[in-house]
Amino acid sequence: MEPQARAREAGCVLLVGDRQGALRAAERLGWPVLLLTETAPKPSRRRRLLDWRVVDLAGPVQETARAGIELASGREVRAVVAVVERATLPAALVRSRLGLPGLDPETARRCRDKVAMKEAAAAAGIACAVPEVIVQQTTAAGLLERHGTPVVIKRRDAAGGLGTVFARDAAAVAAHLEPGLIAERFVDGVEMSVETLRFRGQTLLTNLTRYLVPGWASVLPERLPPALEAAVLACNQRVLDALGVEHAMTHLELFLTPGGIVFGEVAARPPGGYLMELLETAYGFCPWEALLRIEAGERPELPQSASRHAGAWILHPGRPGQLLAVEGLEQARAVPGVLDVQCRARPGDPVPARDSTARSLGRILCAAADPDACARALERARAAIRFRMEPDAADAGAPQN
């Protein structure tokens, strides 16, 4: 290989999964990018990559890991970074094979498998809804008796709420008795999340996020009474310790209930829902760059407090169909506190069902001096926007309109 080519490949980063923020951060750091992606990049994007491979992240984990190892072969790789949920385990396997710092395969499995995750949490004395694996002999009556109503049924490796069912009677439970799925009790409480950046066992930053409308709108950092905030942070720390997460970015969900804090789930990868953008807006640093540095074994310097509060509302009509028009975008942009409104959809576009929190046509981004003012700006801006669909109807399934 020519000296110039060697210099260009020195210290590259392997991204498992494709998120624009990670690629841009690597470019700012001057790190060449290797990419494992589920769809072939467009020519303009290919020019920004050192090399890439198409993989099926929903397929066999070992095949994805093998593709990553082959892609890294003969190159100096400084970090392997999982940027989506399904990338967590294959990235850990590649990382282990290359001898790089970061989440190891066993810890990655505990963070991907909700059964192993919650069993480890429960063993550490952390309150959570421990799931039951559905088998051939499982009955609807038995699940209702053990878990109450509604019964929450989902895949043990699901992310973003994909495929989650809230079964409220025996018929609904019976319709989803698929062996291999898991069932657990419904937790009635206020849902929120904690984002954490950890480096070699030390917590560098934690952020609390309010779910203004779960699955749709978030505001950060959340303000809680001091005692409750301390309890939330302690729960987050206990979960990460129980799972053995020492070196990663995590997104942990929990519930504030009358009986105390109940752990929901944790993901050892950067959060979705535009939270990475909100972290940068509120704290004034790039979380993508911080994550890449952590994965490369470098300790980033991070702020310990936010300078303002930021919020995002995901745009989607809430139901599938053909888009006729999006109205009110300019009115939404004019709301005080709104920083930006983006909508990628155009008239005539087919709109898929919103079967996951990852489904988005765009977002509203706000900032304010306090979380309540941020929430009010989001609500006003969202109320100004209307999706006209074919057949014509209100935004069925959306939180407003």
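In angstroms, what radius of gyration and Dmax does segment 252-295 have, counting Cα atoms only?
Over segment 252-295's Cα set, Rg and Dmax evaluate to 13.6, 40 Å.
At a Förster distance of 25 Å, what's the computed FRET efficiency of residue 169 paired with residue 133, Cβ-Cβ distance as r, to 0.05? All intermediate terms of the calculation are to be shown ahead of the outcome.
Details: r = 22 Å, r/R0 = 0.87.
So, using R0 = 25 Å, E works out to roughly 0.70.
In what order do 176, 251 fall by count of nearby beta-carbon atoms within 10 Å, going from fewest to most? Don't skip to the answer; put the middle values down first.
On the way: 176 17, 251 23.
Result, fewest neighbours first: 176, 251.
For segment 270-349, state which trypsin sites (Lys or Arg not before Pro) are in a DSSP loop and have at most 16 other beta carbons lying within 10 Å of their beta carbon.
Numbers: sites: 293, 308, 333, 344; in loops: 308, 344.
For trypsin sites (Lys or Arg not before Pro) across segment 270-349 that sit outside H, G, I, E and B with at most 16 neighbouring Cβ atoms in 10 Å, the list reads 308, 344.
Only helices at least 18 Å long along their own axis, judged from Cα atoms, and with Kyte-Doolittle mean hydropathy of -0.5 or greater: name those in the chain from DSSP H.
For the chain, where a helix must reach 18 Å along its axis and average at least -0.5, the hits are 226-243, 371-384.
For segment 309-390, give the magnitude of the charge dipole about the Cα centre (Cβ charges: +1 Lys/Arg, -1 Asp/Glu; no others), in debye to the nearest 20. Numbers along the way, then the final one.
Working: 12 positive and 9 negative charges, 35 e Å.
The dipole magnitude comes to about 160 debye.
Using a ≥ b ≥ c from the Cα gyration tensor of segment 64-150 (square roots of the eigenvalues), is it rounded, prolate or oblate, where a/c under 1.5 gives rounded and otherwise the larger of a/b and b/c decides, a/b for prolate?
Working: a/c = 4.09, a/b = 2.51, b/c = 1.63.
It is prolate, given that a/c is not under 1.5 and a/b is the larger ratio.
Given the peptides 179-189, 134-144, arrange them by the average over their residues of other C-beta atoms within 10 Å, most packed first.
Working: 179-189: 16.5, 134-144: 14.7.
Ranked by mean Cβ neighbours within 10 Å, highest first: 179-189, 134-144.
Stokes-Einstein D for the chain at 37 °C, 0.692 mPa s, Kirkwood Rh over Cα pairs, in µm²/s?
Values: Rh = 22.4 Å.
D = 147 µm²/s.
Can you put 228, 243 in order, fewest other beta carbons within 10 Å first? Before the final figure, lay out the partial values.
Values: 228 12, 243 24.
Arranged by neighbour count, lowest to highest, 228, 243 become 228, 243.
For segment 3-100, report the convex hull volume of the alpha-carbon atoms normalised per residue, in Å³, without decimals. Please report the intermediate quantities before stating the final value.
Working: hull volume 8.5 nm³, N = 98.
In segment 3-100, the Cα convex hull volume per residue is 87 Å³.
For residue 104 and residue 141 in the same chain, what is the full-extension length gain: residue separation times 0.36 nm, less their Cα-Cα distance, in nm? Walk me through the numbers before you get to the answer.
Working: separation 37, 0.36 × 37 = 13.32 nm, distance 3.95 nm.
Extra length available between residue 104 and residue 141 comes to 9.4 nm.
Using modelled amide H (1.01 Å from N, peptide plane; none on Pro or chain starts), what sits under 5 Å from the amide H of residue 351, excluding residues fewer than 5 places away?
321, 322, 323
Using a Gaussian network model of the chain whose springs link C-alpha atoms within less than 10 Å, name the residue from 347, 320, 41 with the highest mean-square fluctuation.
Maximum among the listed residues: 347.
Work out, step by step, the length gained on full extension between residue 51 and residue 241: first 0.36 nm times the residue separation, then minus their alpha carbon distance; give nm to one decimal.
Values: separation 190, 0.36 × 190 = 68.40 nm, distance 3.60 nm.
Gain on extension, residue 51 to residue 241, equals 64.8 nm.
Evaluate the distance, in nm, between pseudo-label points positioned 7 Å from the Cα of residue 304 and of residue 200 along their respective Cα→Cβ axes.
Between residue 304 and residue 200, the label points sit 2.0 nm apart.
With a cut-off of 13 Å, note down the residues of segment 155-184 whose backbone N falls inside the zone around a label point 7 Å from the Cα of residue 149 toward its beta carbon.
167-174
Using 0.36 nm per residue of separation minus the Cα-Cα distance, give me the extension gain between residue 39 and residue 358 in nm, one decimal. Could you put the intermediate results ahead of the total?
Numbers: separation 319, 0.36 × 319 = 114.84 nm, distance 1.65 nm.
Using 0.36 nm per residue and subtracting the Cα-Cα distance, I get 113.2 nm.
Which of the three applies to segment 309-390, rounded, prolate or oblate, going by the alpha-carbon gyration tensor with a ≥ b ≥ c and a/c under 1.5 meaning rounded?
On the way: a/c = 2.74, a/b = 1.81, b/c = 1.52.
It comes out prolate by the Cα gyration axes.
Every read-out reported here was derived from the displayed coordinates using simple, explicitly stated rules and does not represent laboratory data. Quantities reported herein were computed from a predicted structural model and do not represent experimental measurements. Neighbour counts run over all protein chains shown; Cβ positions are idealised from the backbone, glycine included.
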